[in-house]
Amino acid sequence: MSTAPARLEGRLESHLRHRRHEGRKLLVPYVTAGMRPDWLHVVRAVVAAGADAVEIGIPFSDPMIDGPIVQAASHAALERGTTPAAVLEALSGADVEVPLCVMTYYNVVFRAGTRRFASSLAEAGVAGAIVPDLPLEEAGEWCADAGDAGVATVLLVAPSTSEERAARIAARSRGFVYGVGRMGVTGERAQLATSALEVARRVRRVTDVPVCIGIGISTAEQAREVCAEADGVVVGSALVRRLLDGAPADEAAGFVAELRHALDET
Amino acid sequence: MTASLMGPPDPSGRFGSFGGRFVPESLVPACGELERAFAEAWGDPGFHAELDAVLRDYGGRPTPVTECRRLSERLGVRLLLKREDLAHTGSHKLNNVVGQALLARRMGKRRLVAETGAGQHGVAAATAAALFGMDCLVFMGAVDMDRQALNVFRMELLGAEVQGVESGSRTLKDAVNEALRYWVAEVEDTHYCIGSVMGPHPYPYMVREFQRVVGTEARRQCRELLGADPSWVVACVGGGSNAAGTFAGFVDSGAALVGVEAAGGAAMGHGVPGVVHGMKSFLMQDEAGQIAEAESISAGLDYPGIGPEHAHLAEVGRARYEQATDAEVLEAFALLARTEGIIPALEPAHALAWVVREAGKAIALGDTVLVTLSGRGDKDVAQVRELLS
């Protein structure tokens, strides 16, 4: 890419590129911070089960792109008094060996101030951020402040995104490109959408930044299927549902181990 | 007056520093498509002719301006009402939905999805869908469905499907979230018919343009009645569409523009800048950026945000935003009924309540005041009966 010489990859991206180089498919589980008292224990357990990075949801009152499962987890976390500051304080002592990437909505960032929020992520040892309601045209200020703080901003490419636009998004995205697997909100689906494979192919044509597909990836079989085209997967609702149902941390981690096993076989 | 006020927003959809398009990537192309389709339609005399004809022959436009002789005498000011309560479906909401439904049809969409608070926008959307032979799905907070059961039945009579929203505070803001979530999945054949001057660009601009007819008519009618512009132009504000449409007609006049919020849902009064539902505007929220729940007797004003253009009008000082309490609103509701034989909706009763309170104070005795009576009170009669007993 023409921007390559000036491009700072950052810790999240170099880690994921390294793992990909080793021939490994990337597995990024999602956990809503604060959804239950042992959530940090869950994060450590999914790392032990083979996660390459973990996406940590900072709960927001109006999670527009989330389906019922992540909404319920966000609601539970807020009911328990979870704040962005408390989440970051917990993460700063997490001591996990893979990069952490937070996911939250832009009002949480904007309320804190982009510069302050970016530095608070860096201080907590967070390597990346996903802000799904901040599309390319609105992301400039945040991306600059996050970049200054050494935090990678992961941008999203959707099934409705043209290839030309996907190229511009990928050029701005750091860490990885989040490929939205289907039009719709987060949640489990019985079948992998064909759009998931199309999005992965579209992103790969325009960048060598790792592409991970999320939204609608709920089983080991679907993860393996989509990784025929993608570098990895983000799995959220399928894990969070197990946690909402009261599965102990090691049982939930067992599901992540199952995903790991399936990806390693590809 | 600044000529650029209440014109088109900048290319990013901003009015000053407010507005924008804060939506998930999945919806960015759809917002762009809508922006282009609206620009094309709004520049097409054929589209205007069709819209004007429907609003005239079906919607009952122009609505009259009524001079309130008995109430004026009592307050010591000259009070005029822009009678949107007399438009078909009983509120200003029809102006916007007819515009959006015609646009949706032009774009080849066959289904309208809408959010509603008090039910007025939902009823209007269901009406437009019936008129143009489209499907209609309305999201409504479960709390509001209880408060406005009759409007739920009206929407169903009109052939719409009403889906209760059980998430969050189960009111208008959650209905917006749910409508947006639905739209992401069904954007191919569905148009999201937003009910107010809110949401991502181009909605705040487009809905204001569809409501501009209120202000344009009222300006002309005031001149006929008064021989001049009124000194004050007052409208209630939740998201702020009737106020935006009214203000658009008077922004280049000498009239003072006043938006009246519910004291329990006052984004300008109690909020700070933030981003939700695709726009940057004033929002009621906590220190961490969690959106607060509005609380008002009026389901239509139970919204923690406000349209971004209002935030801009306040910032540049062209409009001011005041509040009315539930008690003041109930008093104004009964006062208009007894003195003028008009039962207003609880929403515009906020605008009246401010005028009643400020006549002889902020409003000098003898001043002329135009209030947009955005809807009729039939939907609220049962609730007010409970509150007064």
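What the table below lists for this structure:
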{"item": "Matching helices (runs of 4 or more DSSP H) fully within the range B:1-75 where at least 1 residues are farther than 26 Å from B:GLU188 by Cα and out of contact with any Ser or Thr (no Cβ under 8 Å at 6 or more places or on another chain)", "result": "B:45-57, B:69-75"}
{"item": "Residue list for the range B:162-184, filter: under 21 Å from A:MET183 (Cβ atoms), modelled with pLDDT of 95 or more and open to solvent by 20 Å² or more (accessible area, probe 1.4 Å)", "result": "B:GLN163, B:GLU178, B:TYR182"}
{"item": "Single unsatisfied condition, B:ALA243 versus (1) small (Gly, Ala, Ser); (2) in a helix (DSSP H, G or I); (3) open to solvent by 10 Å² or more (accessible area, probe 1.4 Å)", "result": "(3)"}
{"item": "Subset of the range B:275-294 that is touching a strand residue (DSSP E or B) at 6+ places or on another chain (Cβ under 8 Å), of a type in the set (Gly, Ala, Ser) and free of Cβ contacts under 8 Å to residues at least 24 places away in the same chain - its residue that is nearest to the other protein chains (Cβ to nearest Cβ)", "result": "B:GLY289"}
{"item": "Boolean, B:GLU217 is assigned to a loop (DSSP other than H, G, I, E, B) and out of contact with any strand residue (DSSP E or B) (no Cβ under 6 Å at 6 or more places or on another chain)", "result": "no"}
{"item": "Options B:GLY360, B:GLY307, B:GLY366, B:GLY377; residue that is under 21 Å from B:VAL143 (Cβ atoms) and touching a residue at least 40 places away in the same chain (Cβ under 8 Å)", "result": "B:GLY377"}
{"item": "Output for the range A:112-130, where each listed residue is out of contact with any Leu (no Cβ under 9 Å at 6 or more places or on another chain) and not β-branched (Val, Ile, Thr)", "result": "A:ALA112, A:GLY113, A:ARG115, A:ARG116, A:PHE117, A:ALA118, A:SER119, A:ALA122"}
{"item": "Any chance A:ALA112 is within 24 Å of A:ARG11 (Cβ to Cβ), surrounded by fewer than 23 Cβ atoms within 10 Å (Cβ to Cβ) and within 11 Å of another protein chain (Cβ to nearest Cβ)", "result": "yes"}
{"item": "Members of the range A:115-135 found to be more than 18 Å from A:VAL54 (Cα to Cα) and facing chain B (nearest Cβ under 7 Å), listed by number", "result": "A:ASP133, A:LEU134, A:PRO135"}
{"item": "Residue in the range B:221-229 that is within 14 Å of another protein chain (Cβ to nearest Cβ) and touching a Leu at 6+ places or on another chain (Cβ under 9 Å) present", "result": "no"}
{"item": "Strands (runs of 3 or more DSSP E) lying entirely in the range A:1-105 (those with 1 or more residues that are within 13 Å of chain B (Cβ to nearest Cβ) and closer than 22 Å to A:CYS227 by Cβ)", "result": "A:100-103"}
{"item": "Pick from the range B:247-274, criterion part of a loop (DSSP other than H, G, I, E, B) and away from chain A (no Cβ under 14 Å), ranking: modelled with the lowest pLDDT", "result": "B:ALA266"}
{"item": "Residue count for the range A:136-153, restricted to those that are within 11 Å of chain B (Cβ to nearest Cβ) and open to solvent by 10 Å² or more (accessible area, probe 1.4 Å)", "result": "4"}
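Here is a yes/no grid of residues against (1) under 25 Å from B:THR216 (Cα atoms); (2) touching a helix residue (DSSP H, G or I) at 6+ places or on another chain (Cβ under 7 Å); (3) crowded, with 22+ Cβ neighbours inside 10 Å:
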{"position": "B:VAL28", "(1), (2), (3)": "no, no, yes"}
{"position": "B:PHE38", "(1), (2), (3)": "yes, yes, yes"}
{"position": "B:LEU86", "(1), (2), (3)": "yes, no, no"}
{"position": "B:LYS93", "(1), (2), (3)": "yes, yes, yes"}
{"position": "B:VAL97", "(1), (2), (3)": "yes, yes, yes"}
{"position": "B:ARG105", "(1), (2), (3)": "no, yes, no"}
{"position": "B:GLY108", "(1), (2), (3)": "no, no, no"}
{"position": "B:PHE132", "(1), (2), (3)": "no, yes, no"}
{"position": "B:PHE139", "(1), (2), (3)": "no, yes, yes"}
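The values are calculated or read from the model by the stated rules, or taken from the named source; none is laboratory data. All figures in this text were calculated on a predicted structure; none of them were measured in a lab. As a convention, Cβ positions derive from the backbone with ideal geometry for all residues, glycine included, and neighbour counts pool all protein chains shown. The protein model used for the area step is the full one, side chains on, heavy atoms only, and it has no ligands, DNA or RNA in it. Shrake-Rupley method; radii C 1.70, N 1.55, O 1.52, S 1.80 Å.
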